[in-house]
Amino acid sequence: MPTIQDLSRLLESAAPLAYQESYDNAGLQCGLPETEITGVLLALDCMPAVVAEASRRGCNVVVCHHPVIFRPLKRLTGKGLVEQTIMAALKADVAIYAAHTNLDNVRPGVNAKLAEKLGLVNTRILAPKSGTLARLSTYVPDQPTNDGQQLADKVLQALYAAGAGQVGNYRECSFQTLGLGTFTPGPGTHPTIGRKNQPTAVAETRIEVLLPLHCQTAVLAALRQAHPYEEVAYELVKLENQHQDVGAGMVGELPEALPPTAFRQLLKAELGVPVVKYTAFEKTIKKVALCGGAGSFLTGAALAAGADAYVTGDVKYHEFFAPEGRLMLCDVGHFESEQFTGEVFRDLLLAQFGRTFAVLFAETPTNPVQYDC
């Protein structure tokens with residue numbers, strides 16, 4: 001049976017922990033990584049009642065969006081909901097895993113699912129992150145291997161397998177140039193090409209690939225493993241390029257433009273919300289930006305993207321003034337904008353593990369906000 005460690009690796013390959021915000025605490029909250037999984041319960045929030053439901057339904061893992069442990073715990077005495085939840089989980093032998101802002105910041109994550117529910121097309125990240133990419137350059141002899149494959153191709157395939165060479169929807173991307181490499185093997189060396197203490201010149205291929213910074217360790221290990229030289233020359237340069245598949249929010253288009261009233265009705269129908277708080281806007285709605293959770297910090301990005309409407313949650317009173325009539329700012333609620341996150345988890349787990357264990361949606365209500373309409 002798959003273990004909790006297998007589950008963690010899967011979720012972190014889809015939503016790397018390196019992409020979480022600095023204030024966040026995503027990852028395995030409690031539980032032993034080597035434990036075999038009997039079942040997984042999916043929830044937006046984890047609390048004692050959710051832990052009890054997991055145990056009752058034969059699940060020993062809760063995968064949730066919001067971390068239970070958000071700030072350091074100094075003691076476990078049952079004081080407050082956080083301590084009670086962790087104590088309940090430990091007592092029931094139920095592990096808790098949270099994927100929070102790291103799942104917000106990847107293209108096939110929380111915001112993509114919300115965009116899908118609203119029927120948006122031509123979607124892209126609203127505010128791509130910079131500083132998450134690096135360029136790796138290395139030098140490989142322009143020679144074939146024993147089986148006829150070029151050494152450069154062998155090294156490239158290893159780098160690709162480790163996570164390098166992806167640019168948007170294009171994979172196995174590289175740049176190669178031919179040149180002349182020179183070196184003199186010193187005492188104690190065992191050169192693949194040349195002799196000790198003799199200057200050597202070799203026709204070499206310079207290989208350049210992009211890689212996500214969180215893959216750096218794996219990519220460099222693959223480089224050293226596949227490269228024919230005992231001393232591998234390379235340069236790794238951090239880039240300020242925006243990563244188009246990593247960042248906050250999403251923007252897309254409705255298949256057909258809608259009047260503001262009809263768009264708000266769409267929000268109510270597809271999200272199941274009884275009320276939408278919004279700002280006045282007189283034009284039709286075609287381009288829509290969105291961000292699950294508390295997303296008012298992206299109102300400026302939505303305006304810059306030319307959105308007609310921006311959908312998010314937790315908008316404060318004074319933040320409603322920001323659009324100044326240039327778009328319709330819609331607050332549908334924090335829970336409501338993230339309620340489909342469990343479907344993201346479900347799709348990942350079933351694609352990887354199939355039906356080897358139960359993957360269930362929690363039935364315990366966790367939204368603390370109620371509406372009297």
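Once fully extended, how much extra length lies between residue 176 and residue 196, figured as 0.36 nm per residue of separation less the alpha-carbon to alpha-carbon distance?
On the way: separation 20, 0.36 × 20 = 7.20 nm, distance 2.87 nm.
Length gained, residue 176 through residue 196: 4.3 nm.
Extending each Cα 7 Å along its Cβ direction at residue 297 and residue 214, get the distance between those two points in nm, one decimal.
1.7 nm
For a bin width of 5 Å, list the pair-distance distribution of segment 1-111 built from all Cα-Cα distances, rounded to whole %.
2, 13, 24, 24, 20, 13, 4, 0
Provide Rg over Rh for segment 176-274; use the alpha carbon set for both Rg and the Kirkwood Rh (inverse mean inverse pair distance).
With Rh from the inverse mean 1/r over Cα pairs, Rg/Rh is 1.38.
Could you state the per residue volume, in Å³, of the convex hull enclosing the Cα atoms of segment 192-341?
Details: hull volume 26.4 nm³, N = 150.
Roughly 176 Å³ of hull volume per residue.
Sorted by accessible area with a 1.4 angstrom probe, largest first, how do 320, 70 fall?
Details: 320 40, 70 75 Å².
The ranking, largest first, comes out as 70, 320.
If I ignore ligands, DNA and RNA and count only protein heavy atoms, how much of residue 135 is accessible to a 1.4 Å probe, in Å² to the nearest 10?
Residue 135 has an accessible surface of roughly 80 Å² with all protein chains in place.
Work out how much length residue 153 to residue 124 would gain on full extension: take 0.36 nm times their residue separation and subtract the Cα-Cα distance, in nm to one decimal. Display every interim value, and only then the final one.
Values: separation 29, 0.36 × 29 = 10.44 nm, distance 3.22 nm.
Length difference between fully extended and current span is 7.2 nm.
Specify which residue in the list 169, 217, 115 is farthest towards the positive end of the charge dipole of the chain, using unit charges on the beta carbon of Lys, Arg (+1) and Asp, Glu (-1), about the Cα centre.
217
Would you list 268, 283 from the most to the least accessible area, probe 1.4 Å?
Details: 268 75, 283 140 Å².
Greatest to least solvent exposure: 283, 268.
With a 1.4 Å probe and every protein chain kept in, tell me what percent of the accessible surface of segment 294-373 is carbon plus sulfur. Walk me through the numbers on the way to the answer.
Values: 2190 of 4050 Å².
It is 54 percent, rounded to a whole number.
Report residue 217's accessible area, 1.4 Å probe, all protein chains in place, as a number in Å² to the nearest 10.
Accessible surface of residue 217 is approximately 120 Å².
How large is the accessible surface per residue of the chain, computed with a 1.4 Å probe and reported in Å² as a whole number? It would help to have the intermediate numbers written out before the result.
Details: 18630 Å² over 373 residues.
Computed with neighbouring chains in place, this is 50 Å² per residue.
Ignoring ligands, DNA and RNA, please state the percent of accessible area on segment 1-65 from carbon and sulfur, probe 1.4 Å.
On the way: 1290 of 2540 Å².
Answer for segment 1-65: carbon and sulfur cover 51 percent of the accessible area.
Counting only helical runs of four or more DSSP H residues, what would the 222 nm mean residue ellipticity of the chain come to if each run contributes -39,500 (n - 2.57) and the total is spread over all its residues? Could the numbers behind the result be given before it?
Values: 11 runs with 103 residues, N = 373.
For the chain, the value works out to -8000 deg cm²/dmol.
Which value, in debye to the nearest 20, gives the size of the charge dipole of the chain about its Cα centre, when Lys and Arg are +1 and Asp and Glu are -1 at the Cβ?
The calculated dipole for the chain is roughly 300 debye.
So which of 277/316; 117/286; 129/277 end up more than 19 Å apart, counting from Cα to Cα?
Listed pairs above 19 Å: 129/277.
When the Karplus curve 6.51 cos²θ - 1.76 cosθ + 1.60 is applied with θ = phi - 60°, which whole-Hz ³J(HN,Hα) does each residue of segment 199-206 get, with x for Gly and Pro?
Whole-Hz 3J(HN,Hα) from phi for segment 199-206: x, 10, 10, 9, 5, 10, 9, 8.
For the chain, what are the per-bin percents of Cα-Cα distances with bins 20 Å wide, up to the bin holding the maximum?
All Cα pairs considered, the percentages come to 25, 45, 24, 5, 0.
Along the principal axes of its C-alpha atoms, what lengths does segment 123-204 span, in descending order and rounded to whole Å?
Here the Cα extents, ordered largest to smallest, are 57, 30, 22 Å.
For residue 283 and residue 241, FRET efficiency with R0 = 25 Å and r from the beta-carbon atoms, rounded to 0.05? Provide the component values of the computation, followed by the final result.
Working: r = 34 Å, r/R0 = 1.36.
Using R0 = 25 Å, I get an efficiency of 0.15.
Given 10 Å bins starting at zero, what is the percent of C-alpha pairs of segment 1-64 in each, up to the one with the largest pair distance?
20, 51, 26, 2
The values are calculated or read from the model by the stated rules, or taken from the named source; none is laboratory data. Keep in mind that this is a model prediction, so the values were computed, not measured. Every residue, glycine among them, receives a Cβ derived from its backbone with ideal geometry; neighbour counts consider all protein chains shown. The protein model used for the area step is the full one, side chains on, heavy atoms only, and it has no ligands, DNA or RNA in it. Shrake-Rupley method; radii C 1.70, N 1.55, O 1.52, S 1.80 Å.
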